[in-house]
Amino acid sequence: MFDLSEILAKNDFSKEELIFLLSLSGEDEKTLLNKALETKLKFLDNNVHLRGLIEYSNKCRKNCLYCGLRKENTKVERYELSEKEVMDCASLAIKLSYGSIAIQSGERQDERFVNKIEYLIKKIKHLSNNSLGITLSLGEQTKEIYQRWKEAGAHRYLLRIEASNKDLYYKIHPQDALHSYEKRVKCLDDLLELGYQVGSGVMVGLPFQTLGDLADDLLFFKRKNLAMIGLGPYIPHPDTPLYKYKDLIPENAERMSMTLKMIAILRLMMPQINMVSATANQTIDELGREKAIVSGANVIMPNLSPAENREQYSIYPDKACVNDTPTQCYNCLDIRMQTINHQILYNEWGDSVAFTKNQKTNHQQEL
Ligand code: SAH
Ligand code: SF4
């Protein structure tokens, strides 16, 4: 059988070794998480980067079977932030010294939406004298649209693959042109080709998901050489079709533990990437966000969205911190990070070290 200390001395794992690591429990699980923390501190120090999250709109053209924002969920009151509301969020990010923001939304491709995002990116860049980094998480778009937004000033893009196994992908999405696995992968490839820092990720603890699937997800991230990863537990939403399988999924504690192991293993495999501690962690475990940070994550996305819209951005139920004001978040986060001996870096973009290093190597090769 496998020897844990021998495996932990490596940074490249076979699928069987990954399944072994994902199966760890008790003291062995703790050894894995501690090794990931040690690796992170060695390569990236105890720094935590912030992305102030702006939940731009909950209007969505898609019908992902797990998500509360899906088009067919008629219980959601739909909203779209005004220009002023977005600019107020950006001003708040500057005031709170957040070095970066992330604009997230339900997926839309109409010209009005695309133009407005382009305009807002330019305006935020101008407002901040280029000091705010901009991450986008606006779903699948054409390469031309990704390019327009990049030229406007966005430099990072998050698009979770959700499940890298095609069979599983179609168990959690409708099988139609709007939810094509190939299109999802093509979008990631387009973003990589355009020179974005690209992030992806999956939900952990989905119905029908096996340890083999999760191992394949980790191998997928490595193969794509991604700069950022956002992993979080799946949280069943009562107004979605996938909810009927909620009894098939592991308990909260088990989904949390699996998420932490995924983060920890990935930190060993890709020591210098940026990894988000998702808000979903905190939703299923009061200390979930901190646990992810001490298991290898190094990015947090505090919410900047206007209070009146937060409940409506109900991707999953009982989202943590929906009632906190941005200033409360600011203070709370700083203290929470200090208690685990981590420090937030303010006024910095906090780019992925893996990405920056890659860029330099490519540049040197071109010379
Ligand atoms: N529309 C964009 C961005 C918003 S959704 C997109 O789909 O890429 C952002 C993320 O929320 C998704 O990638 C998905 O992984 C996550 N999400 C959706 N429903 C969820 C649920 N029920 N539990 C946990 N995460 C969920
Ligand atoms: Fe829309 Fe994204 Fe939710 Fe899918 S996951 S329904 S694309 S908001």
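The values are calculated or read from the model by the stated rules, or taken from the named source; none is laboratory data. Since the structure is predicted, the reported quantities are computational estimates derived from the model, not experimental observations. Note: ideal-geometry Cβ built from the backbone for every residue, glycine included; neighbour counts use all protein chains shown. The protein model used for the area step is the full one, side chains on, heavy atoms only, and it has no ligands, DNA or RNA in it. Shrake-Rupley method; radii C 1.70, N 1.55, O 1.52, S 1.80 Å.
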Please report the carbon-and-sulfur percent of the accessible area for the stretch 252-347; probe 1.4 Å, protein heavy atoms only, DNA, RNA and ligands left out. 51
Within the accessible area of the stretch 124-203, what % is carbon and sulfur when the probe is 1.4 Å and the other protein chains stay in place? 49
Kirkwood hydrodynamic radius (C-alpha pairs) into Stokes-Einstein, the stretch 55-156, 10 °C and 1.306 mPa s, D in µm²/s: 112
Estimate the FRET efficiency between Lys166 and Val353 by the formula 1/(1 + (r/R0)^6), using the beta-carbon distance for r and 22 Å for R0, to the nearest 0.05. 0.10
Give a quick list of trypsin sites (Lys or Arg not before Pro) in the stretch 174-228 that DSSP marks as loop, anything other than H, G, I, E or B, with at most 16 other Cβ atoms within 10 Å. Lys224
Sites Thr327 and Glu27, calculated FRET efficiency, Cβ-Cβ separation with R0 51 Å, nearest 0.05: 0.80
Looks like the chain, by Cα gyration tensor root eigenvalues a ≥ b ≥ c and the a/c under 1.5 rounded cutoff (else prolate when a/b is bigger than b/c, oblate otherwise), is rounded
Of Gly26, Gly153, Gly350, which has the largest mean-square fluctuation in a 10 Å C-alpha GNM of the chain? Gly26
Using the heavy atoms of the protein chains alone and a 1.4 angstrom probe, what is the accessible area of the chain per residue in square angstrom? 42
Computed [θ] at 222 nm, helices only, for the chain once each DSSP H run of length n ≥ 4 contributes -39500 (n - 2.57): -14000 deg cm²/dmol
Unpaired by the 4.7 Å Cβ criterion, cysteines found in the chain: Cys60, Cys89, Cys187, Cys321, Cys329, Cys332
